[in-house]
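Notes for the one structure printed next.
No lab work stands behind these numbers, since they all come straight from the coordinates. Since we're looking at a predicted model, the values are computed, not measured. Note that we place each Cβ from the backbone using ideal geometry, even for glycine, and neighbour counts take in every protein chain shown.
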There are 2 protein chains.
Amino acid sequence: MKVNLKMLSESLGLSQTTVSRALNGYSDVSETTRQRVIEAASQLGYQPNPQARQLATGRADAIGIVYPFGASDIGDMRFGEVVSGLTERLAEHRIDLLIHSSRPDVELDTYRRLIDGRRVDALIVARTRLDDPRIRFLQERNFPFVAYGRTETALPYAWFDFDNEAGGRMAARRLLELGHRRIALIHAPLDLTFAAQRYKGFITALREAGLEPDPELVIEAPLNRIGGYQAVGRLLAMKKPPTALLVDNNVAGVGALRALGDKGWKPGSGMSLIVYDGIPSEIPLTCTVTGVLQPTGESTGRALADLVLDVLAGKPLADLHRLGQPCVGAGETDGPPPAPARRPRAKALG
Amino acid sequence: MKVNLKMLSESLGLSQTTVSRALNGYSDVSETTRQRVIEAASQLGYQPNPQARQLATGRADAIGIVYPFGASDIGDMRFGEVVSGLTERLAEHRIDLLIHSSRPDVELDTYRRLIDGRRVDALIVARTRLDDPRIRFLQERNFPFVAYGRTETALPYAWFDFDNEAGGRMAARRLLELGHRRIALIHAPLDLTFAAQRYKGFITALREAGLEPDPELVIEAPLNRIGGYQAVGRLLAMKKPPTALLVDNNVAGVGALRALGDKGWKPGSGMSLIVYDGIPSEIPLTCTVTGVLQPTGESTGRALADLVLDVLAGKPLADLHRLGQPCVGAGETDGPPPAPARRPRAKALG
DNA sequence: GTTTACATCCAAAGCGCTTCGGATTACGAT
DNA sequence: ATCGTAATCCGAAGCGCTTTGGATGTAAAC
């Protein structure tokens, strides 16, 4: 038999009010009473009825995420992980995650239903577009939300995104710390946001190390395998080739890897290689490529959850931004520059 | 201002009772009144408060799915799709989907919370194991659920699974219809359920076509690339090699493909090839491999939703089983047997 | 004209929780 | 003694909906 507040309070000889307040941490109940109540509650297996509580408080104790129907590119692979991190963190606050999906054309209707029906306290907007009608919609209604991905809008709002600039900087720094001085970058066209950000990070790291980036070593390549292949060809043809290479995306990265292989390159010897996002494990390889790895979906989910909680707590939106920090994943394709490469240091004096 | 039942009924000069019953399709309200009510409701944008309704009815209007935390194999890629189909179908019945994830060690606690807290009306058990404690738990409590994947248990329960046998049969039939008579099968060890099922389907299709499977053409290969590679080697070394080949998994399939390539095989000419599950598009290929494709995640989700609805409707559990039907996805690696292969038909008479 | 049977409609009692606005008590301060 | 204060506790009024058990009126049956 399901036990409710009334039964619990009667068994304790207290009023429902007191029991309720004891359980909810109000200060106008003595500590001894509170302990008695808590004890009895767990004894009887009391679980407050969420619907009743929600009706009384007006909260829904749930947040929603509307998933674009039929979306199925690589981003989806992470979806399960994000959900995992999200629910994990939200559960700590006894908040449920409600998932809906809807075809893009009726997306706003779904939002309306969720909001007007008071089913959720806040929403997470996934896969934001540059000018996103959903965000405008939510801002107009003044409904709490967090965006997963930045967009362009005048008003402040909470968002989570990945820190591509930090990733580019990290990769470069890693190679610098290994002792490399001639570091090449193969990057995608810079009108792509991620490419521009990673490029900036790379350049920054070099400058921070007191190195002026050699324009010859920074090559723009189309976002495909051929691009990476040909760019590596150009690098290796130089009289003084770089000792390390960062490829800012893994599509060109696959091409670059192939090109290196064709020239007899072996991982760990000769040129060091870091590929942003790593090389998918489906590609048959004999080694693990060192890569800049995005945060896991779980950590993304947790970050989103924290943002939601902050939004609900009423923190100023302008402060609620989080950048997911990538990290350099250990692999076998980077190492110190080859011995002869150390001599140039001495030369640098002369 | 949020409009509630009271306001709506007052604006209509009716009682809350009548308005409620009109909206919920009771028969003791005249059709003209019902129309008036419906009209006014949409006019005022009335949305019933789900918490209040749930409190009154005792339903939660939500079903839950607990996702194993940290699971991240290929199965995950489909998770978003499944959720998509699930929520789509459930939304038609105004039922929400609650997602939780939890580490396996506290999984049952999560179930308990969800059930005792009356947060959901039913659960979906994903990634079932052969002897699944979650299923036992739910059966003991007599809580409605649907399993995504079959397991072993005495009591009947609702489940969804893929029809591997049908898939094997389909693939074989396809090759038979193209005119092949010497069809080889490379299969994984038969203690793996999927392998046994696909094997059975393959054999059945051959027998149905009046063909006795040639044991020489049915090769067991370990579940890896080498396995597929070597098996193909054996097949091609025969004095009378098969004209068609089915590989029952795409891991061995990749190896098989490589072996064929090494022997100068070209898609569409010579041996026909079907690979169960197809070849992942990440593998660089010049052609699309014909494959047996699992149903999409969306359709799986919809099937699960239907099962849940049936369970909640109280249909007998023993009837609530669904097999997801695979289909043969068109590709370029199958076709009629090469011309010389037609002669054996005449020979078959003599 | 009285009954019976329907067709419509409604008052009011919950569902289980929170919370406002006191009540009660104890106790040192005045 | 009287008052103010602080510490505890509680009665009762909701939150917005469903549903039970009639009430009312109207037409067909006797």
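Using the rule -39500 (n - 2.57) for each DSSP H run of four or more residues, divided by the residues of chain B, the 222 nm mean residue ellipticity is -13000 deg cm²/dmol.
Taking the alpha carbon gyration tensor of region B:5-48, multiplying each eigenvalue by 5 and rooting it gives semi-axes of 14, 10, 9 Å, largest first. With neighbours defined as other Cβ atoms within 10 Å of a residue's Cβ, the residues A:F202, A:F137 order from fewest to most as A:F137, A:F202. Would you give the gap between the C-alpha center of region A:177-205 and the C-alpha center of region B:117-167, rounded to a whole Å? Value for the Cα centre distance between the two parts: 50 Å. Shielding of peptide B:111-122 by partners, expressed as the average count of other chain Cβ atoms within 10 Å per residue Cβ, is 3. Footprinting exposure proxy ranking of B:D262, A:D121, B:D214, fewest other C-beta atoms within 10 angstrom first, gives B:D262, B:D214, A:D121.
In nanometres and ascending order, the distances from the A:A237 label point to those of the other copies are 4.5 (point 7 Å from Cα along Cα→Cβ). Placing unit charges on each Cβ (+1 for Lys and Arg, -1 for Asp and Glu) gives chain B a dipole about its Cα centre, and among B:A62, B:A231, B:G278 the Cα reaching farthest toward its positive end belongs to B:A231. Taking the number of Cβ atoms within 10 Å of each Cβ as an exposure proxy, the fewest-first ranking of B:Y26, A:Y199 is B:Y26, A:Y199. In terms of Cα atoms, the Rg and Dmax of the protein assembly as shown work out to 30.8, 101 Å. In this Cβ point-charge picture (+1 for Lys and Arg, -1 for Asp and Glu), the protein assembly as shown has a dipole of about 1300 debye about its Cα centre. In a DSSP loop and with at most 10 other Cβ atoms within 10 Å, the trypsin sites (Lys or Arg not before Pro) in region B:233-262 are B:K239. Summary for A:Q139: label point 7 Å along Cα→Cβ; distances to the equivalent points in the other copies, ascending, 5.5 nm. Here B:K240 is the anchor, and the lysines within straight C-alpha reach of less than 17 Å, apart from those fewer than 8 places off in the same chain, are B:K263, B:K347.
A cut-off under 15 angstrom between Cβ atoms defines the neighbours of B:N142, and their net charge, with Lys, Arg +1 and Asp, Glu -1, is +3.
Counting Lys +1, Arg +1, Asp -1, Glu -1, what net charge surrounds B:D319 among other residues with beta carbon under 13 Å of its beta carbon? Surrounding charge for B:D319 is 0. Positive-end ranking of B:F79, A:T17, A:T333 along the dipole of the protein assembly as shown, with charges on Cβ about the Cα centre, is headed by A:T333.
Report the relative contact order of region A:5-48, percent, no decimals, based on alpha-carbon pairs under 8 angstrom and at least 6 residues apart. Taking the mean separation of contacting Cα pairs over the length of region A:5-48, I get 41 percent. For chain A, modelled as a GNM whose springs connect Cα atoms under 10 angstrom apart, the maximal fluctuation among A:N49, A:N250, A:N24 occurs at A:N24.
For the residues of A:80-91, the average number of beta carbons from a partner chain within 10 Å of their own beta carbon is 6. If you look at the Cα atoms of chain A, you get an Rg and a Dmax of 27.1, 91 Å.
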